[in-house]
Amino acid sequence: MPADERAIIHVDMDAFYASVEQRDRPELRGLPVIVAGLGPRGVVSTCSYEARRFGVHSAMPTAQARRLCPDGIYVWPDHARYEAVSDQVFEVFHEVTPLVEGLSLDEAFLDVTASQRLLGSVESIGQWLKATIRERTGLNASVGMGPNKLLAKLAGEISKPDGFRRITATHAAAELAPLPVGRLWTVGKVTEQTLHRLGIRTIGELAACDTARLASALGRQVAGLQALARGQDDRCVEPAQAEQSIGAEHTFDVDVAELAMAEAWLLRHCERIAARARQRGLQGRTVTVKLREPPFETYTRQARLPAPSASAGELFGLARGLLVTWWKAQRRPRLRLLGVSLSGFAAERQQDLFDGAPDRRVTDQVQDRINSRFGTGSLVRAGVLKTREQD
Ligand SMILES: [Mg+2]
């Protein structure tokens, strides 16, 4: 099949974290809501469209957002709640196709080429996704459709918020031509500046420019760049990508200089990761601990479990060893950031009653059941409570 006959859908939830907050707290609707780290080093995660009017955007330091929008409602991120909504949204995706490539909690590419025979045109699949997400979560998703990833994502972006748009191969060049060249996938700041120096400001000008002239300034990437500028993109939707690792990390407002506190955070991360792995039916063997000393020196330490696991206790046992070894080797150990991730997944094995630490698994299962009934975080190991002093 020619690449242009593929049907790709890009779904991206609108102002995801902020919309979840506005959904769950009606008094916040219509107000500028900024979900952000609220400490001195905090950064904005997401903000509502009302806040964007003040010039606030994600990745901006919270202090700067407060100057731009002093009357905004500032909210700590509640990742467990966003992850639960994300799981609902991804469930909807998987009802349409197994070819889902998650890019983040609220954004994914879906290859629905083969689904069309059963479910109808790409537009009707797109409509169904939008309506079903709205029905099950109460939230708006923007849906872009196209013959490849580049055009599907662009279609969603230019119709946001509450977007719904399809760009066909025939109209690709005309849609792309007037857009600034910096909007093109793979064009970063450096390439953008080089193109500007050559007098190229729009994607249309890049597509039309003489290849030899460009090659002297940009080298080998020219052919690929001009193909993208014409709307050609052969990248596949890669469903495995979302499951390559599951991680959690936290940047401390005040550097952690006490090993017991670092261990408590490590346990909290391990519980979260293990619960997510169990939710997805995954077990991993590789545990990676990420340690950042102030200001920015980052270390990673990795070890393998004797067998694949999704047990918080087993993950913590290994991760703690890595942390303690690192801690003792530092002259004056301090942490600005601590993270853990689990990777090297195998599909979950049938549980064997005689197989490794059954008591730990039972604890995890009880914890999952209580947390799914009363909300994530209702039941945590006692060691984790220490981290709530700093939360
Ligand atoms: Mg989004």
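The values are calculated or read from the model by the stated rules, or taken from the named source; none is laboratory data. This is a predicted model, so every value here is computed, not measured. Ideal geometry is used to build each Cβ from the backbone, glycine not excepted, and the neighbour counts take in all protein chains shown. Just the protein is used for accessible areas: all its heavy atoms, side chains included, with ligands, DNA and RNA removed. Shrake-Rupley method; radii C 1.70, N 1.55, O 1.52, S 1.80 Å.
Candidates are the residues of segment 97-111 that are among the aliphatic types (A, V, I, L, M) and under 18 Å from Arg166 (Cα atoms); the one that is nearest to the ligand (Cβ to nearest atom) is Ala108. Considering only residues in segment 112-159 that are of a type in the set (S, T, N, Q) and away from the ligand (no atom under 14 Å from the Cβ), the one that is most open to solvent (accessible area, probe 1.4 Å) turns out to be Gln127. Screening segment 326-369 for residues that are loosely packed, with under 13 Cβ neighbours inside 10 Å and among the β-branched types (Val, Ile, Thr) and picking the one that is modelled with the lowest pLDDT gives Val362.
Counting the residues of segment 61-87 that are under 20 Å from Ile273 (Cβ atoms) and either over 21 Å from the mean Cα position of the chain (by Cα) or part of a helix (DSSP H, G or I) (or both) gives 9. Among the residues of this structure, Ala51 counts as one that is in a helix (DSSP H, G or I), more than 30 Å from Ser115 (Cβ to Cβ), touching a strand residue (DSSP E or B) at 6+ places or on another chain (Cβ under 9 Å) and within 15 Å of the ligand (Cβ to nearest atom).
Is it the case that Ala215 is over 30 Å from Glu293 (Cα atoms) and open to solvent by less than 70 Å² (accessible area, probe 1.4 Å)? So Ala215 fits the description; yes. When Ala310, Ala303, Ala264, Ala275 are checked against the criterion of being touching a strand residue (DSSP E or B) at 6+ places or on another chain (Cβ under 9 Å) and either more than 19 Å from Leu323 (Cα to Cα) or open to solvent by less than 10 Å² (accessible area, probe 1.4 Å) (or both), Ala310 stands alone in meeting it.
Hey, can you tell me all the residues within segment 13-39 that are among the hydrophobic types (A, V, I, L, M, F, W, C), over 14 Å from Asn140 (Cα atoms) and not in a loop (DSSP other than H, G, I, E, B)? Result: Leu28, Val33, Ile34, Val35, Ala36. Among the residues of segment 278-294, what is the count of those that are open to solvent by 40 Å² or more (accessible area, probe 1.4 Å) and either more than 16 Å from Ala307 (Cβ to Cβ) or modelled with pLDDT of 95 or more (or both)? Count: 4.
Checking Cys209 against (1) over 22 Å from the mean Cα position of the chain (by Cα); (2) of a type in the set (A, V, I, L, M, F, W, C); (3) at pLDDT below 90: exactly one of these is not met. Which one? Evaluating Cys209 over (1) over 22 Å from the mean Cα position of the chain (by Cα); (2) of a type in the set (A, V, I, L, M, F, W, C); (3) at pLDDT below 90 leaves (3) as the failure. Applying the condition of being of a type in the set (A, V, I, L, M, F, W, C) and open to solvent by 60 Å² or more (accessible area, probe 1.4 Å) to segment 167-207 and asking which residue is farthest from Gly146 (Cα to Cα) yields Val190. Among the residues of segment 267-286, the ones that are in contact with a helix residue (DSSP H, G or I) (Cβ under 7 Å, 6 or more places away or on another chain) and in a strand (DSSP E or B) come to 3 in all. For segment 6-42, the set of residues classified as free of Cβ contacts under 8 Å to residues at least 60 places away in the same chain and within 16 Å of the ligand (Cβ to nearest atom) consists of Ala18, Glu21, Gln22, Val33, Ile34, Val35, Ala36, listed by residue number. Checked against (1) open to solvent by less than 70 Å² (accessible area, probe 1.4 Å); (2) in contact with a Gly (Cβ under 7 Å, 6 or more places away or on another chain), Arg235 meets all criteria but (2).
Checking the stated criteria, Val56 turns out to be surrounded by 21 or more Cβ atoms within 10 Å (Cβ to Cβ), over 30 Å from Pro98 (Cα atoms), within 16 Å of the ligand (Cβ to nearest atom) and in the same structural domain as Leu150 (by TED's automatic domain parsing).
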